[in-house]
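Heads up: the structure comes next, in structure tokens.
The values are calculated or read from the model by the stated rules, or taken from the named source; none is laboratory data. Predicted model, so just to flag it, every value in this text is computed and none were measured. Cβ placement follows ideal geometry from the backbone for every residue including glycine, while neighbour counts extend to all protein chains displayed.
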Amino acid sequence: MTIGLLAAVVAALAFGTASVLQAHAASSTDTALSAMLRPLFLTGMALDGIGFVATAVASRNIPLFLSQPIISANLVVTAVLAAAILKVSLTRRDIAGIAVVMLSLLTLGLTAGAEGHDDPGAALHWGLLAIGLVLLACGLVGVVIRPGEGARWLALTAAMSSGVLFGLMAVGVRIVDGITPFDLPALLTDPAAYAVLVCGPGGFYLFTVALQAGSVASAAAALAVGETVVPGIVGAALLGDTTQPGWGAVTVVAFAAAVAGAVTVAMSDGVRAAT
């Protein structure tokens, strides 16, 4: 479990730092292309890659109801670094949200049990791919239609869809065959592997659409909910993720508090500026 915990923390630090570095690079240039060529932006991209790898490691080594809230704490990292680097002030609400997240994560870490190794079978593997494709297709249809008066609805739908896609990606990483031990034929014939490829880039694209169409705060909050709640429930209900004996209720409360705290932090000016 130690490896999984460290990986989740690394993912949160990497994603949160990357957002601030990329925002800082973008704010100091006139064009998107020049921003992308700046060392700070490239460093942020490298950190995003590290965060993705760390997310995969965490998803396979600790319960999803623990790994995903920790990774969503990248919003806390973003808010704190934005205050230090982008000179964005933290409000009392922001500080309260950060405190709730940290306390909830500590509680989850103490009450979580072992990651599950249950696999309901091919139905879940194919189901992840099918749901991912449907969500992505619906998002693309919404982008094409994109009614002017429905921009807010489009933004919320795209943000929630992106969060669910990221959550499905975490589930796919957990159950994909051919990783340990490495078996290339098994990996290439597992629908869960293709679900990861669909849900990851698809979630990123729809989140970008959500940012363009509506409120940054709403998009970040919806993303935090989707990428945390969905895999947490799937992990506990279908994959066998467990809590310490007698601590199930406390874990549920801490999980809900972690999500609520992340949503609060997502609405901060620091996250808005970085995103």
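For the range 112-122, check the following and say yes or no: at least one residue is without any contact (Cβ under 8 Å) to a residue 60 or more places away in the chain and not in a loop (DSSP other than H, G, I, E, B). Among the residues of the range 112-122, not one is without any contact (Cβ under 8 Å) to a residue 60 or more places away in the chain and not in a loop (DSSP other than H, G, I, E, B), which makes the answer no.
Every listed requirement among (1) crowded, with 24+ Cβ neighbours inside 10 Å; (2) farther than 26 Å from Ile233 by Cβ is met by Val80 save one, (1). What is the residue count in the range 194-251 for residues that are surrounded by fewer than 19 Cβ atoms within 10 Å (Cβ to Cβ), assigned to a helix (DSSP H, G or I), small (Gly, Ala, Ser) and modelled with pLDDT of 90 or more? Adding up the residues that qualify gives 3. Summed over the range 162-176, residues that are free of Cβ contacts under 8 Å to residues at least 40 places away in the same chain and either surrounded by fewer than 22 Cβ atoms within 10 Å (Cβ to Cβ) or among the basic types (Lys, Arg) (or both) total 0.
Whenever a residue of the range 254-275 is more than 17 Å from Met160 (Cα to Cα), its partners that are acidic (Asp, Glu), lying with C-beta atoms within less than 6 angstrom and at least six residues away or across chains, give the pairs Ser268/Asp94. Summed over the range 89-98, the residues that are surrounded by fewer than 20 Cβ atoms within 10 Å (Cβ to Cβ) and in contact (Cβ under 8 Å) with a residue 40 or more places away in the chain give a count of 5.
Every condition in (1) of a type in the set (Gly, Ala, Ser); (2) within 19 Å of Ala137 (Cα to Cα); (3) touching a residue at least 60 places away in the same chain (Cβ under 8 Å); (4) in contact with an Asp or Glu (Cβ under 9 Å, 6 or more places away or on another chain) is met by Ala159 except one, and the failing one is (4).
Evaluate the following for Val259: is it surrounded by fewer than 24 Cβ atoms within 10 Å (Cβ to Cβ), among the β-branched types (Val, Ile, Thr), in the same structural domain as Leu124 (by TED's automatic domain parsing) and under 30 Å from Ala84 (Cβ atoms)? No; evaluated as a whole, the condition is false for this residue.
Residue selection: Leu128 satisfies the criterion of being outside the structural domain of Leu13 (by TED's automatic domain parsing) and not charged (D, E, K, R).
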